[in-house]
1. Scan (1) over 23 Å from L227 (Cα atoms); (2) buried (at least 20 other Cβ atoms within 10 Å of the Cβ); (3) modelled with pLDDT under 95 for the single condition M94 breaks and write down its number.
2. Kindly evaluate F154 against the criterion of being at positive phi and either surrounded by 13 or more Cβ atoms within 10 Å (Cβ to Cβ) or at pLDDT below 95 (or both).
3. Looking at the range 230-288 only, could you name the residues that are small (G, A, S) and either in a helix (DSSP H, G or I) or surrounded by fewer than 17 Cβ atoms within 10 Å (Cβ to Cβ) (or both)?
4. Please state which one of L29, L14 is more than 12 Å from E58 (Cα to Cα) and aliphatic (A, V, I, L, M).
5. Mind checking which residues of the range 45-73 are more than 21 Å from K3 (Cα to Cα) and either loosely packed, with under 13 Cβ neighbours inside 10 Å or basic (K, R) (or both)?
6. Within the range 147-165, which residues are free of Cβ contacts under 8 Å to residues at least 40 places away in the same chain and of a type outside the set (A, V, I, L, M, F, W, C)?
7. Tell me which helices (runs of 4 or more DSSP H) are completely within the range 1-111 and hold 3 or more residues being within 16 Å of the chain's Cα centre (by Cα), farther than 20 Å from F124 by Cβ and not aromatic (F, W, Y), or say none if there are none.
8. Search the range 129-146 for residues that are touching a residue at least 40 places away in the same chain (Cβ under 8 Å) and pair each with any residue that is part of a loop (DSSP other than H, G, I, E, B) when their beta-carbon atoms are under 6 Å apart and the residues are at least 6 apart or on different chains.
Amino acid sequence: MNKIIFMTGATSGLGKISAMLAASKGATLVALARNKAKGQKLLEDYKTKFPKGLGRIEIVEGNLSSFESIVSACKQVLSQYLVIDMLVNNAGIMNFERTETQDNIEETLQVNLLSPLLLCHLLFDSLNKSKNAKIIFTSSGLHQGEINFDNLEFVANFTSFEVYRQSKLGVILACRVLSKRLKKHNISIYSQHPGMVRTELGKRAGWISRMIFYLMGKSPEKGSQTLSYLMEEANEKLVSGEYYSDRQVTTTTPQSYDLAIGVKLLDEVDTYIGKYVDPNSPLSEKEA
């Protein structure tokens, strides 16, 4: 796997497992890290676990809670790499109280959906130069319900589950719509569900929720299997726009197949990130 991979959520949990595995097989994996200590630990653990790894891991500082930070990180990466073969949007959060970012946006929406889509825009030209690029999003089985366009940031009636499941439904919808827009550019896009995994996702929860994550969750090693599968498998053997679980295409909720809602959602996303992206980007191109 002699590829250049840009990845979020690579410093812990299932993402860390998949990141190290990809690098061990020859990839250059550029990991976006908000926490310097975790970034350094990733490098140390990779060297320890894969002393004969064929590839390498690099760290770039960046915070998904800040659009300016994302723009800065991408500028740094693009100054080093003209071609990026893969973008893995794996990072995600689940807040248990309403929090706003420095961009004055509800944090779950920004971290789980807006910033990953901003990365898609900012890295598009480099992905487009790859012969067979792919984009992977980590979604969740908790994607029930609908997109609450009248209260997208849950200014009223905030609940952690509703905010989280909406962001993950948004990921699936975005992937389905973008698969159509990216087809002529030979870029494939997928979403994946790792299952309930013992990761740091529930670290801000109460002790009961944390106990549930611990007792019922898979190990990060098992939870990483579908992500690693999508990272390694050739696009020709996968279905762009689809949602994968247990390494196979899996049916999702009826709302997640409604492309009209997906288009409306991406239009809303553009109102948040528009100042940072090319207004003529193929990612914003409307279907004929």
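The values are calculated or read from the model by the stated rules, or taken from the named source; none is laboratory data. This is a predicted model, so every value here is computed, not measured. Heads up, the Cβs are rebuilt from the backbone with ideal geometry, glycines too, and the neighbour counts pull from every protein chain shown.
1. (1)
2. In short, yes.
3. Across the range 230-288, the qualifying residues are A234, S256, A260, G262, G274, S281, S284, A288.
4. When all the criteria are applied, what remains is L14.
5. T48, E68
6. N148, D150, N151, N157, T159, E162, R165
7. The qualifying helices (runs of 4 or more DSSP H) are 13-24.
8. As it stands, the answer is K129/V83; S130/V83; S130/D85; A133/D85; T138/N90; Q144/T253, since those pairs meet every condition given.
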